[in-house]
Amino acid sequence: MNDEFQPRIIAFLCNWCAYAGADLAGVSRIQYPPTIRVVRILCSGRVDPLYVVKGLQSGFDGVLVSG
Amino acid sequence: MEGIEGHAGRFTVTLREHPRFVDINKCIACGVCAEKCPRKVEDAFNEGLNKRKAAYVQYPQAVPLKYAIDADHCIYFEKGKCRACEKFCPAGAIDFNQNERIFTIEVGSVVLALGARHLDPSAIEEYGYSTFPNVITGMQMERILSATGPYQGRLVRPSDGQPPKKIAWIQCVGSRSTGATAHEYCSGVCCMYAIKEAVIAKEHAGRDLDAAIFFMDMRTHGKEFERYYRRAESELGVRFIRSRVHSVESSAPGSDSLKVRYADDTGAEAEEIFDLVVLSNGLETSNEVRELADRLGVAVDENGFVKTACLSPLETSRKGIFVCGSVANPADIPQAVMEASAASSAAARLLAKARGSQVREKEYPAEKPIDPAEIRVGVFVCHCGINISSVVDVTEVRDYAKTLPGVVYSTDNLFSCSQDTQQTIRDAVTEHRLNRVVVAACTPRTHEPLFQETIREAGLNPYLLEFANIRDQDAWVHQGCPEEATVKAKDLVRMAVSKVTFSEPVERLQITMHKSALVVGGGVAGMTAALGLAEQGFPVHLIERNGNLGGNARNIRATWKGEDVRSYVEELSKRVIAHPDINVLLNARIESVSGFVGNFLSRVRKGGRSEEISHGVAIISSGGGFYKPEEYLYGQHERVTCWHELEDLFEKEPERLQRAEAVVLIQCVGSRDEDRPYCSRLCCTASLQQAVTLKTRKPDLEVYVLYRDLRSYGLREELYRKARELGVIFFRYTPENKPAVSAYEGTRGKLNVTVQDHVLNIPISLDVDYVNLFSAILPQTDNDLPHLFKVPTNTDGFFLEAHAKLRPVDFSTEGVFVCGLAHYPKPIEESIAQAEAASSRAAGLLARGTIEVEPVVSVIDQERCVGCGFCEASCPFGAVKLVAVAGKGFRAENIPALCKGCGICAAGCPQKAIDIYHFRDNQILASVQAGGETTREAKASSRPSPAARVTFVSGYLMRRDCMYHVGHTWIERMKGGRLRIGVDDFAGKILGPVDRLNLPPRGEVLRQDRKGWSFLRASRRAPFLSPVTGKVFDINLDAVSHPENVLKDPYGDGWLLVVEPKGSEAELKHLLYGEAGFRWMEEENRKLLELLGPEYERLAASGGGAVEDVFGIRPEIGWETLVKTFLRTEV
Amino acid sequence: MAVVRYLMELSGIGADRLCLRWVSAAEGARFAAYVQEYSEQILRLGPFLPDDFALPLAAMDKALGSPRLRWLMGMEIKITEKGNIYGEKLDEQAYRQLLNDAAREEYEKALVLAALRTRPGTVRDIALETGLPVYTVSCRLNELERSREAELCGYRATSPEFRHVGL
């Protein structure tokens, strides 16, 4: 399984900061691995610790919180 | 702007619009035109440090984000051929037929926000800007440090792309200088930007970077600037060198580094070598602006700045034309943004009658009721031309969407944002009775409002839309892996569908605006703000706690430009009192404030009575005072005065001035020290003003100014020059070496002042008649305003605005604004402008009958709430409060008008009683779960089955995930570090059916490689070595009563012991794992075959299974031999 | 989030599975770099198998949702900066300690309960299932009995057996 292991990361991104930064990466065509699945939130303070647990329970290999 | 005709209130303006050759309604900002354009041009936005194409967007965050063709460099315009952009544009947006357009518009007032340009330092030859590639301007440094700059934010120098180790900033390049290539005024912004660049450079390159700033006076007079300066010096180690730079030269022939030659503050010559030199070049008015001003009939001063007066800082010489920002006065961002609001207030006063006359309301169909039980999701997947579809398989995503639960319709569009597709979406909503919509396209940050509008027009609540970002965060960033990008797109669509399934209509929140304002404080700022609103037709209540209006301004005689302040204040007070829409309440104080934007209710006490005032907005202009010095004999000697006291004294007793021979003015008394680490901003200018006045009235009077840095910023530098010309003498002192004041005789006679001369480095003794102190400006703190209005102050006690640059007069509490000294020390012209700005911001709210607030706010389940108050304490916006509920104590309540929907309260609510509309927990969790669904399934199906966990080695079953001990035992790590132990298949097979297991009792300590337990067959004993050291935690009682299990299922039901290891981790290294274990087993098998003899070797060669019950079949080998050989124990 | 990391470490999931990064709207390149960096880190860590951590995850979920922990997390500023009504304050470190201790207890309690949710068992069974020391299991069971979440349901030989209330 490890040979073809593609990490899956759930990313909680703040609409005003990191989500905008991620869009800018797109506009600038900066390439990065297709590993993250983004959930847009209005503030990184919204990330309840329980979301992290849910991310891992749901099958993700990692959780990225970025504000 | 070509020209203007008419008069204030009715202008006709002629405009010329240059063609951009791109239809901005079609451009999707994909960048293909720039990619294909063959012409490279110097990138002006990056100050010429790199190239862009002739088809370009000025910078990545431009608004609107639309491309343009630079006709001056386009090959088609030069040679009539090319049009590559047109050929490749997927949206057909290139239009070479666009023409210049000249047209007119009708306006009532005009605001000039033309800005200033950076002075070109090429002409200042001694700095070598046009000679050395590593001499750059401040703005070039900005671009180098920017993530979107020419080097993507890497700090490198232009000549060789290497990171510099030493950087010098040279201040006042082209400012505060004489000569044809320079300006006499101070550009006001360069000191702060140089410090900022040095700090950021250090953040980029690390603390080892050497950053040195060569300066004359450090002018950090803005709010929080002095602290920043101190931090840069003491914490980050930026070197500040007080000096005059003589020249910049090459450090050595062939080297790219530079030698900076300068005179230090004692006048001594010195030099130092740097890798990069940044010239802090100043601001100046461009020729185009001068020409435009000329065309408009607006007067400019000798420096080219549009002329304004201190008492009407926004008005030009032509009525109806206003200014803001650096076109009138060098301004930093906070100042310029504040003035912009101010100018709009001034402009709006002329237009008050016409307000709203050209506004049309848009109408929407009634919202369809949503049946929560019936989920009908429509999915629209966008190709975005080829932007998405060149990477993501859009049709596959579309078809996949159809399979998702709740989805009843799915389609793909070439451009989802185009007019016709909007209609398609609306039609689909109706035809397929969609009650939820997912758009998979560019990014919600730019296009969510458009699609919300679309479904709203189709009768759906806008919050029933969900966006899947498959362009900016997928197709564009995974161009090399289309398959993975398609998988990601499908995941994102599934997440969006999952979230939208839980979406619900969110009601729009409208707040009725009470169309009146409360202004707290009746100084110049408060009166200006009140008039600004009243003249636009909004009633104002002006509260002043003293018995008269005017505040501090009543002590001021003149502005620095010489205008009479006293008569201005008198005139202003009269207008305020006479205005029918202003209710002036003198000797009044605020007792309580409740409510929120649009609906404040304040209780005001005046005399013995208190009255309630309803108001929609509030402006705090509570002013400030000054520090009463305890130093320099102030209060002990009648000739030591403070601020305007000396002027008052000379006015009352003019003979005192006639008799005086010398006066000393001391600055920074109580400012910029440990107690008040801020600059009081206006004292330098005020002392220069006094010095000039004294010298003018009595030229033979000796006037000394003792200062630390002379901060006559902007055009005020003129006063400094004038003072020097008049013979005012300046001594700079340091906080370590403050001047000393002593009295000669009693408390009425002459005074002696000693001060250390910084050039000669000797103490100078001055005999003087008067000492006037310029003490710190203090915030008004003997009031309860921060608490009443729930607005913050900074550590110095001045009110803290929502954002220094973006919202300089707003509080983060909606509907409350600040201006004047309450915000920060500032001269009268800045107070007036700021008051206009506050009234402009307030009028923006008052002009509306209702205001719509973002309905994405928190929602509290009062049944679950226990009234703990955590939410109230944690809300950064004061949007949650506890209310008493009969019989239940307290319950939290949300104030939607204040709530920003950040969700901090929800994330922390101990009872989980708080949720956020449109970002509800169940929506987010559903989205997360859906996002992981496919991987979770893949993991479950690829989970090693019990069968996959085992393998046969030489016919013996072995578990891949266990460790083995050479005594034929296996060890499995358990949770918490315990070890499960059993014997392997091989041991079972050689010993055959055993009838008793002699296991150690719980608690017994086993040692590695010592006997641990034994099996018995008939009366024959087979002792086993313990594979580890540890305490027996548990034994398998089932196995004890069913010893056959050991043979049947050695790795499952046949386990023997659980041990809590007591040995070292190194012990486990003696065990065999993986391949090493398999090789060992093969070896053991070979040994066994040798014992068994030739016929069994054949059996092995034929691939037959292992021998069951070796002892039973070949007892002649001997029990002892088997035990000794394989279990490595003695019977 | 510090508590989450602490519990992830405690449960053997590893704090590396959670990554916090600050990115501003102007930092596209930085965002991409963080994703790259974190993806590589996860690649090194290998896949996370939720089924192997079903008990710890369930326990974390319960512990992090427990009013006690949420109270403590929410009161950080009140406890460390403002003090209680007697004006008593805790310094940052003492607060962390307090929080971690509470988190550990709540987590262990939830873990015991999660084990009992699968099947009733003796202290020793639960210790084996959860990897917790026997003494800890006894203490947590005691608390769970008091809060009526677990109860005695019989004896196996002389060992008392417990079960999840309401199952």
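Nothing in this text is a laboratory measurement; each read-out follows from the coordinates by a stated rule. Quantities reported herein were computed from a predicted structural model and do not represent experimental measurements. Every residue, glycine as well, gets a Cβ built from its backbone with ideal geometry; the counts of neighbours run over all protein chains shown.
At 4 °C and a viscosity of 1.567 mPa s, what translational diffusion coefficient does Stokes-Einstein give for segment B:637-777, taking Rh as the Kirkwood radius over Cα pairs? Give it in µm²/s as a whole number.
85 µm²/s
Send over the per residue convex hull volume for segment B:24-181, Cα only, as a whole number of Å³.
In segment B:24-181, the Cα hull volume divided by residue count equals 195 Å³.
Counting Lys and Arg as +1 and Asp and Glu as -1, each charge on the Cβ, what is the dipole of the protein assembly as shown about the Cα centre in debye, to the nearest 20?
1680 debye
So how strong a dipole does chain A carry about its Cα centre when Lys and Arg Cβ are +1 and Asp and Glu Cβ are -1, to the nearest 20 debye?
The calculation lands at about 240 debye.
Just to be sure I follow: if Rg is taken over the C-alpha atoms of chain B and Rh is the Kirkwood radius over the same atoms, what is Rg/Rh?
We get a ratio of 1.11 for chain B.
Neighbour counts of other C-beta atoms within 10 Å: give me B:436, C:21, B:360, B:227 arranged from fewest to most.
Result, fewest neighbours first: B:360, B:227, C:21, B:436.
Per residue of chain B, what 222 nm ellipticity follows from adding -39500 (n - 2.57) for every DSSP H run with n ≥ 4, rounded to the nearest 500?
Details: 32 runs with 312 residues, N = 1131.
Here the helix-only value at 222 nm equals -8000 deg cm²/dmol.
To the nearest whole number, what is the average tally of beta carbon atoms from other chains within 10 Å of the beta carbons of peptide B:463-471? Mind dumping the intermediate values first?
On the way: counts 0, 0, 0, 1, 1, 1, 6, 0, 3.
So the per-residue partner count for this stretch is 1.
Report for the protein assembly as shown the percent antiparallel among DSSP-assigned beta bridges with both residues inside it, nearest 5.
60 percent
Taking a ≥ b ≥ c as the square roots of the eigenvalues of the Cα gyration tensor of segment B:119-284, is the shape rounded (a/c under 1.5), prolate (a/b larger than b/c) or oblate? Show your work: numbers first, answer last.
Details: a/c = 1.28, a/b = 1.03, b/c = 1.25.
The shape class here is rounded.
Under 13 Å from a point 7 Å along the Cα-to-Cβ line of residue B:16: which residues of segment B:97-137 have their amide N that close?
Within reach of a label on residue B:16: B:100-103.
Quantify how strongly other chains surround peptide B:61-68 by giving the mean number of their Cβ atoms within 10 Å of each of its Cβ atoms.
So the per-residue partner count for this stretch is 1.
Packing-wise, with mean Cβ within 10 Å as the measure, how do C:54-65, B:241-252, B:1072-1083, B:801-812 rank, highest first?
Top of the packing list down: C:54-65, B:801-812, B:241-252, B:1072-1083.
So what does the Cα-only Debye profile of segment A:1-54 read at q = 0.32 Å⁻¹, as log10 I(q)/I(0), no solvent term?
-1.24
Among DSSP beta bridges lying fully in chain B, give the percent that are antiparallel, nearest 5.
Expressed as a percentage, antiparallel bridges in chain B total about 60.
How many partner chain Cβ atoms sit within 10 Å of a residue's Cβ in peptide C:123-130, on average, as a whole number?
3
Please report the projected area of the protein assembly as shown's Cα convex hull averaged over all directions, in nm².
Seen from a random direction, the Cα hull of the protein assembly as shown projects 67.5 nm² on average.
Which whole number of Å³ per residue matches the convex hull of the alpha-carbon atoms in segment B:255-334?
Convex hull of Cα atoms, per residue: 173 Å³.
Can you sort C:22, B:169 so the residue with the fewest Cβ neighbours within 10 Å comes first?
C:22, B:169
How about residue B:66: which lysines have a C-alpha closer than 22 Å to its C-alpha, ignoring those fewer than 8 places off in the same chain?
B:26, B:36, B:40, B:51, B:53, B:87
So, in Å, what gap is there between the alpha-carbon centers of segment B:401-417 and segment B:487-541?
34 Å
What's the whole-number percent of alpha carbon pairs in segment C:1-140 lying beyond 28 angstrom?
Tail of P(r) above 28 Å: 36 percent of Cα pairs.
Using only the Cα atoms of segment B:494-551, what are the Rg and Dmax in Å?
Radius of gyration, then largest Cα-Cα span, for segment B:494-551: 22.2, 68 Å.
Of B:274, B:904, B:350, which is farthest on the positive side of the dipole of the protein assembly as shown, counting Cα position, with +1 on Lys and Arg Cβ, -1 on Asp and Glu Cβ, and the Cα centre as origin?
Of the listed residues, the answer is B:904.
Using C-alpha positions alone, give me the convex hull volume of segment B:797-941 per residue in cubic angstrom.
177 Å³
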